[in-house]
Amino acid sequence: MEFWSELPEYVSEHEPLARYTSLGVGGSARWLAQPRTPDELADVLRACARANVPVRVLGLGANLLVTDEGVDGMVIRLTAPAFRGVDWGGWDAPQIARDGRGQRQYDDASPVRIRAGGGMDMNRLARDSVRLGLSGLECMAGIPGALGGIIRMNAGGRFGEISQVVREVTVVTPDGEIRTLASEQVGFRYRNTELDGAIVCEAALELVPGDPVAIRQYFLDVWGYKKKTQPLAEATAGCMFKNPPADSAGRLIDEAGLKNYRVGGAQVSDRHANFIVTQEGATASDVVALVDHIRRTVAERFGVDLELEVEVWGNAEARSADQAA
Ligand code: EPU
């Protein structure tokens, strides 16, 4: 389908996606756009809407399974500096935040509103906020992904979730309109929102100045818990399934005896059963087959239908997985 007479320089064709995902599997995107500004992002969205081309946004590829047949549509990456900046609301300016002894004053400081781009690496943002003595993102330690995607799916875990600190979200709508939404308009719920086709290009987060030593220790505790219980150094998409109400998908998969179960190059992690680890040579079809096997086994064993937490991009091959996503 031709929807530009000549592709803008920030759009390429037939771009392999595996290298942009943490699972490292899957096919190509028909088109890949890396716009440099929100206006260029809006241009891409308008062009796609006009030509009826489906659009997907790739953050850091953390919570994603691209099928082997790839994506017959537009994939957008927010990699440009315009989508990766952070404005710390003045809190990072030493002359404002430090007293004469070089100590940060936080006892009676009011909350700080920071603004961060949708393409910003969540882990880096969390680390930097901790370094600055700002509390609110410690709970996100070890959760991979770009802020936009993290907000879109309301990522989090037992220590908290991103919705707790989000105050405002600036999105580009599918018809190319730039809009700012208050937190209540985002429709946050467990691992989901109502953002649908809107792309998060920036968010305002409210963080609270606190004791830097205590904040750092809490961050390290969360990180340590995850490092001990999750395969953080391996190729995974994070947790594959949502937790069923009042239970843990990892516990159910573990109890079903599926730790280490393997299909081709995809294997259930022996550290945490809600993670699938891919090895060299793995394909997306291996992962899809393993997902199907896990769902079937857990349904037979416990009568629980596990719902995918990761997004699946693709067509026919992913149908069974897609239904759950
Ligand atoms: N468990 C097992 N076997 C396993 C894994 C877990 O028995 O293989 C048990 C644990 O012993 C524990 C319970 O299940 O008693 C819960 O496990 P855990 O504390 O690891 O928490 P989780 O519910 O499995 C959630 C999030 C994680 C997040 C952690 C910690 C979901 C689906 N998962 O996991 O998020 O890192 O809490 O905050 O909400 C992610 O979203 O990608 C993710 C990994």
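Of the conditions (1) loosely packed, with under 14 Cβ neighbours inside 10 Å; (2) of a type in the set (Ser, Thr, Tyr); (3) more than 25 Å from GLY90 (Cβ to Cβ); (4) modelled with pLDDT of 95 or more, TYR190 clears all except one; give me its number.
(4)
Residues of the stretch 126-147 being over 21 Å from ALA214 (Cβ atoms) and either touching a Cys at 6+ places or on another chain (Cβ under 7 Å) or at pLDDT below 95 (or both), which ones?
Going through the stretch 126-147, the residues over 21 Å from ALA214 (Cβ atoms) turn out to be 144-147.
Matches in the stretch 126-147: PRO144, GLY145.
Every residue, every condition in (1) in a helix (DSSP H, G or I); (2) at pLDDT 95 or above, yes or no:
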residue	(1), (2)
MET1	no, no
HIS14	no, yes
SER22	no, yes
ARG50	yes, no
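Exactly one condition in (1) within 15 Å of the chain's Cα centre (by Cα); (2) modelled with pLDDT of 95 or more; (3) surrounded by fewer than 23 Cβ atoms within 10 Å (Cβ to Cβ); (4) more than 20 Å from GLY210 (Cβ to Cβ) is false for GLY119; which is it?
If we test GLY119 against (1) within 15 Å of the chain's Cα centre (by Cα); (2) modelled with pLDDT of 95 or more; (3) surrounded by fewer than 23 Cβ atoms within 10 Å (Cβ to Cβ); (4) more than 20 Å from GLY210 (Cβ to Cβ), just (3) comes out false.
Pick out the one residue from GLY257, GLY224, GLY250, GLY238 that is under 23 Å from the mean Cα position of the chain (by Cα), within 12 Å of the ligand (Cβ to nearest atom) and surrounded by fewer than 18 Cβ atoms within 10 Å (Cβ to Cβ).
On the way: GLY257 fails: under 23 Å from the mean Cα position of the chain (by Cα); GLY250 fails: surrounded by fewer than 18 Cβ atoms within 10 Å (Cβ to Cβ); GLY238 fails: surrounded by fewer than 18 Cβ atoms within 10 Å (Cβ to Cβ).
Exactly one of GLY257, GLY224, GLY250, GLY238 is under 23 Å from the mean Cα position of the chain (by Cα), within 12 Å of the ligand (Cβ to nearest atom) and surrounded by fewer than 18 Cβ atoms within 10 Å (Cβ to Cβ), namely GLY224.
Please go through the stretch 157-175 and give me each residue that is open to solvent by less than 10 Å² (accessible area, probe 1.4 Å) and more than 16 Å from the ligand (Cβ to nearest atom), ordered by number.
Answer for the stretch 157-175, where residues must be open to solvent by less than 10 Å² (accessible area, probe 1.4 Å) and more than 16 Å from the ligand (Cβ to nearest atom): VAL166, VAL169, VAL171, VAL172.
Just to be sure I understand the filter: pairs with C-beta atoms under 7 Å, separated by 6 or more residues or on different chains, first member in the stretch 113-130 and without any contact (Cβ under 8 Å) to a residue 12 or more places away in the chain and on the phi > 0 side of the Ramachandran plot, second member buried (at least 24 other Cβ atoms within 10 Å of the Cβ) and outside any helix (DSSP H, G or I). Which pairs pass?
Here the result reads none, with nothing in the stretch 113-130 linked to a residue that is buried (at least 24 other Cβ atoms within 10 Å of the Cβ) and outside any helix (DSSP H, G or I).
Considering ALA33, ALA18, ALA49, which residue is of a type in the set (A, V, I, L, M) and under 18 Å from GLY148 (Cβ atoms)? Before the answer, list the steps.
On the way: ALA18 fails: under 18 Å from GLY148 (Cβ atoms); ALA49 fails: under 18 Å from GLY148 (Cβ atoms).
Sole residue among the options that is of a type in the set (A, V, I, L, M) and under 18 Å from GLY148 (Cβ atoms): ALA33.
Just to be sure I understand, how many residues within the stretch 124-145 are farther than 14 Å from GLY85 by Cα, open to solvent by 20 Å² or more (accessible area, probe 1.4 Å) and in a helix (DSSP H, G or I)?
2
The values are calculated or read from the model by the stated rules, or taken from the named source; none is laboratory data. From a predicted model like this one, the values you see are computed outputs, not experimental measurements. When we count neighbours, we look across all protein chains shown, and the Cβ atoms used for this are built from the backbone with ideal geometry, even at glycine. Note: accessible area is taken over every heavy atom of the protein model, side chains too, but ligands, DNA and RNA are not part of it. Shrake-Rupley method; radii C 1.70, N 1.55, O 1.52, S 1.80 Å.
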